[in-house]
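Report on the following structure.
The values are calculated or read from the model by the stated rules, or taken from the named source; none is laboratory data. Note that this is a predicted model, so its numbers are computed, not measured. Quick reminder, even Gly has a Cβ in these numbers, built from the backbone with ideal geometry, and neighbours come from all protein chains shown.
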Amino acid sequence: MDGSALARQIRARLREEVSSMKASGVHPRLETIRIGDDEPSKVYLAVKHRAAHEIGLATGDQVLPAGSSHAEVCALISELNSRKDVNAILLQLPLPGHLHAPAILARISPAKDADGLTPENLGKTVYKEESILPCTPKGIMALLAHYGVALRGSHAVIINRSTLVGKPLCHLMVGEDATVTLCHSKTRGLSDLTSRADIVVSAVGRRPDFVLGAEMVRDGAVVVDVGTSRVGGKVVGDVDFANVSQKASYITPVPGGVGPMTVAMLLENTVAAATSQAGLARALAVRG
Ligand code: NAP
């Protein structure tokens, strides 16, 4: 499953949408927040800003010192929540250890939640209500849909229970009638579970300690590799791609699979937020 190619198509569609929004006077803007000097965060944000600019979005990059207090971060979020020119807010994770991410994410207006990680938007995935979805699970679902992978009645094994990936993906897949087994570091008999699954999603990111090998996957399975690790200066996934791809019916590469889809979904969430805010503004103007 070629995430780069699908992400390119999505970005082309979004570029047209942004261009017509601008023609009607709406200028969508994504504002990111980085706290501290975490180097990978800087790299990820640079990629997100570049992708946003390529489709015509305006962006801003708010940087706070690593020692910022909970109150200081919340004050910045309140300011961005109330700024009319800001449509979407992304808080780059992880945060410095003294800050509690759920409490801070909860301060972002759900209507401007570019990453879909506020309690309200995450909660709506449980209720299967319309919401801004977390980017990585949303990107995985979009890839599976694009390649016609049937979820109804399928058994999916997800190796990850984080709030960013595994838990929301589990709700989205169950919502599409899959049977989902959510695994993690304490799961016993992981290979037994994965080797019976129709779909395996691996998001561990601990190469070489953890590798999803061909013996862990059945013939014809769909394999989604979310994990990213750096080995010998190269970015690699969790999956032994050379061998697992011999057995899988579909498989995502790393790089070029889930990563570009995650970024495309961030852009889609931003455009959707701007669209719905513009609609709301128009409705209020009409009502006077
Ligand atoms: P995380 O919170 O550290 O989650 C890792 C998960 O893997 C945890 O649930 C952990 O279990 C589980 N795990 C660790 N060792 C294991 C083992 N030996 N066997 C089975 N499960 C094991 O990290 P995350 O933020 O969810 O991200 C996970 C990976 O995905 C990272 O490599 C990250 O870079 C990557 N990622 C990629 C994208 C993308 O767009 N490509 C987006 C998001 C994340 P416990 O819960 O028991 O610790």
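Take E120 and decide whether it is more than 16 Å from the ligand (Cβ to nearest atom), farther than 18 Å from I251 by Cβ, among the charged types (D, E, K, R) and touching a Pro at 6+ places or on another chain (Cβ under 7 Å).
yes
In region 82-95, what count of residues is obtained for those that are within 16 Å of the ligand (Cβ to nearest atom) and out of contact with any Lys or Arg (no Cβ under 9 Å at 6 or more places or on another chain)?
Matching residues across region 82-95 total 3.
Check region 127-143 and report whether any residue there is among the aliphatic types (A, V, I, L, M), within 16 Å of the ligand (Cβ to nearest atom) and over 20 Å from the mean Cα position of the chain (by Cα).
Checked region 127-143: no residue is among the aliphatic types (A, V, I, L, M), within 16 Å of the ligand (Cβ to nearest atom) and over 20 Å from the mean Cα position of the chain (by Cα).
For a quick check of your reading of the model, give me the residue pairs whose first member lies in region 158-169 and is part of a loop (DSSP other than H, G, I, E, B), whose second is within 8 Å of the ligand (Cβ to nearest atom) and small (G, A, S), with beta-carbon atoms closer than 7 Å and at least 6 apart or on different chains.
N160/G166; N160/A203; V165/A203
Only one of (1) within 16 Å of L93 (Cβ to Cβ); (2) outside any helix (DSSP H, G or I); (3) of a type outside the set (A, V, I, L, M) is not met by T136, so which one is it?
(2)
Which condition number in (1) among the aliphatic types (A, V, I, L, M); (2) in contact with a helix residue (DSSP H, G or I) (Cβ under 8 Å, 6 or more places away or on another chain); (3) assigned to a helix (DSSP H, G or I) is the one that V200 fails?
If we test V200 against (1) among the aliphatic types (A, V, I, L, M); (2) in contact with a helix residue (DSSP H, G or I) (Cβ under 8 Å, 6 or more places away or on another chain); (3) assigned to a helix (DSSP H, G or I), just (3) comes out false.
Could you check region 69-88 and list, in sequence order, the residues that are under 20 Å from L99 (Cα atoms) and hydroxyl-bearing (S, T, Y)?
Across region 69-88, the qualifying residues are S69, S78.
Being over 15 Å from G153 (Cβ atoms), more than 10 Å from the ligand (Cβ to nearest atom) and not in a loop (DSSP other than H, G, I, E, B) is the filter here, so list the residues in region 170-190 that pass it.
C170, H171, L172
Among (1) in contact (Cβ under 8 Å) with a residue 12 or more places away in the chain; (2) more than 26 Å from P40 (Cβ to Cβ); (3) not acidic (D, E), there is one condition V200 misses while meeting the rest; what is its number?
Tallying (1) in contact (Cβ under 8 Å) with a residue 12 or more places away in the chain; (2) more than 26 Å from P40 (Cβ to Cβ); (3) not acidic (D, E), V200 fails exactly one: (2).
For G175, which of the numbered conditions (1) more than 17 Å from M1 (Cβ to Cβ); (2) more than 22 Å from the chain's Cα centre (by Cα); (3) in contact (Cβ under 8 Å) with a residue 40 or more places away in the chain fails to hold?
Among (1) more than 17 Å from M1 (Cβ to Cβ); (2) more than 22 Å from the chain's Cα centre (by Cα); (3) in contact (Cβ under 8 Å) with a residue 40 or more places away in the chain, G175 violates only (2).
Just checking, does region 194-205 include any residue being within 11 Å of the ligand (Cβ to nearest atom), more than 19 Å from M173 (Cβ to Cβ) and modelled with pLDDT of 95 or more?
The answer is yes, given that some residue of region 194-205 is within 11 Å of the ligand (Cβ to nearest atom), more than 19 Å from M173 (Cβ to Cβ) and modelled with pLDDT of 95 or more.
Test D238 against the stated conditions and say whether it is of a type in the set (D, E), in contact (Cβ under 8 Å) with a residue 40 or more places away in the chain and out of contact with any helix residue (DSSP H, G or I) (no Cβ under 7 Å at 6 or more places or on another chain).
Considered against the rule, which asks whether it is of a type in the set (D, E), in contact (Cβ under 8 Å) with a residue 40 or more places away in the chain and out of contact with any helix residue (DSSP H, G or I) (no Cβ under 7 Å at 6 or more places or on another chain), D238 comes out as yes.
Scanning region 252-263 for residues that are out of contact with any Cys (no Cβ under 9 Å at 6 or more places or on another chain) and more than 17 Å from N160 (Cβ to Cβ), which turns out surrounded by the most Cβ atoms within 10 Å (Cβ to Cβ)?
P260
Of all residues in region 147-169, which are more than 16 Å from the ligand (Cβ to nearest atom) and surrounded by fewer than 17 Cβ atoms within 10 Å (Cβ to Cβ)?
Y147, G148, A150, R152, G153, H155, listed by residue number.
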